[in-house]
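Engineer: Below you will find the structure I want to go over with you.
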Amino acid sequence: MLNIPNMLTIMRVMLIPVFVVVYYIDWKWAHQLAAFIFWFAAVTDWFDGYLARKLGQSTPFGAFLDPVADKLIVAAALLMITHTYATPWITIPAVLLMAREIFVSALREWMATNGQSDTVKVSFWGKAKTMAQMLALIGLLSELEILAIGDLEIPIYWVSLGYILLYIATVLSVFSMMQYFIAAKKYLLIAQKTNL
């Protein structure tokens, strides 16, 4: 039976095609609306985790689907900004962020099969990376530098901030990946010796 946290996670997965389609609609505010949908998905990610803990409704299904939903929408957003900006200054950190997610996911899965999932549980630096990454993607997806309200133009520099946060997220991403690898290194070496 589905509980509220799981329903929020499923909703987040269902928002992914909506998010992508809205982004590419030929409409003046399409990118800003897509950025809002991405922000909303990020909020539901925090909210479903909070509810699962608060209501004692953590389930194996939720534990599987929640990180999958996160990675799917982030991967979509990274591909979209890479296509939109078409510059190595976006492409290189986007590739590094995606490669890190694949590596850490595989490492966590392998450690879980060896009963060592707590060794590579989410760290403070991993959470900081996620926060910087989400804010960076919202800024870059929005493509807003100047907010025009009638004749009034307000500089908000979301894209510029997005660039800065994307690089902060990339540094934190590599740093946290190395932390997870160092924590798992002993078990990887034992496994290697066992297979020799």
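Engineer: Based on this model, can you work out whether residue 68 counts as over 15 Å from residue 136 (Cα atoms), under 14 Å from the mean Cα position of the chain (by Cα) and in a helix (DSSP H, G or I)?
Structural biologist: Judged against the criteria, residue 68 is a match.
Engineer: Turning to a different aspect of this structure: Quick one: in region 40-60, which of the residues that are part of a helix (DSSP H, G or I) and β-branched (Val, Ile, Thr) is nearest to residue 127 (Cα to Cα)?
Structural biologist: 43
Engineer: Identify all residues within region 138-157 that are of a type outside the set (Asp, Glu) and either modelled with pLDDT under 85 or more than 18 Å from the chain's Cα centre (by Cα) (or both); write none if there are none.
Structural biologist: Of everything in region 138-157, those that are of a type outside the set (Asp, Glu) and either modelled with pLDDT under 85 or more than 18 Å from the chain's Cα centre (by Cα) (or both) turn out to be 144, 146, 147, 148, 149, 150, 152, 154, 155, 156, 157.
Engineer: Next question. Looking at 37, 16 in this structure, which one is touching a Phe, Trp or Tyr at 6+ places or on another chain (Cβ under 7 Å), of a type in the set (A, V, I, L, M) and either assigned to a helix (DSSP H, G or I) or modelled with pLDDT under 85 (or both)?
Structural biologist: 37 is the lone residue from the list that is touching a Phe, Trp or Tyr at 6+ places or on another chain (Cβ under 7 Å), of a type in the set (A, V, I, L, M) and either assigned to a helix (DSSP H, G or I) or modelled with pLDDT under 85 (or both).
Engineer: Condition test on residue 98, is it assigned to a helix (DSSP H, G or I) and either within 25 Å of residue 20 (Cα to Cα) or modelled with pLDDT of 90 or more (or both)?
Structural biologist: yes
Engineer: Next up: Might you check whether a residue that is out of contact with any helix residue (DSSP H, G or I) (no Cβ under 7 Å at 6 or more places or on another chain) and surrounded by 16 or more Cβ atoms within 10 Å (Cβ to Cβ) occurs anywhere in region 30-42?
Structural biologist: Checked against the condition, which is being out of contact with any helix residue (DSSP H, G or I) (no Cβ under 7 Å at 6 or more places or on another chain) and surrounded by 16 or more Cβ atoms within 10 Å (Cβ to Cβ), region 30-42 yields at least one hit.
Engineer: Taking the criterion of being modelled with pLDDT of 85 or more and either more than 22 Å from residue 177 (Cβ to Cβ) or out of contact with any Leu (no Cβ under 6 Å at 6 or more places or on another chain) (or both), would at least one residue in region 52-64 satisfy it?
Structural biologist: The answer is no; no qualifying residue exists.
Engineer: Looking only at region 73-91, count every residue that is more than 14 Å from residue 134 (Cβ to Cβ) and either of a type outside the set (Val, Ile, Thr) or touching a residue at least 24 places away in the same chain (Cβ under 8 Å) (or both) and tell me the total.
Structural biologist: Number of matching residues: 9.
The values are calculated or read from the model by the stated rules, or taken from the named source; none is laboratory data. Because the structure is a prediction, the values reported are computed rather than measured. All Cβ positions, even for glycine, are placed from backbone atoms using ideal geometry, and neighbour counts span all protein chains on display.
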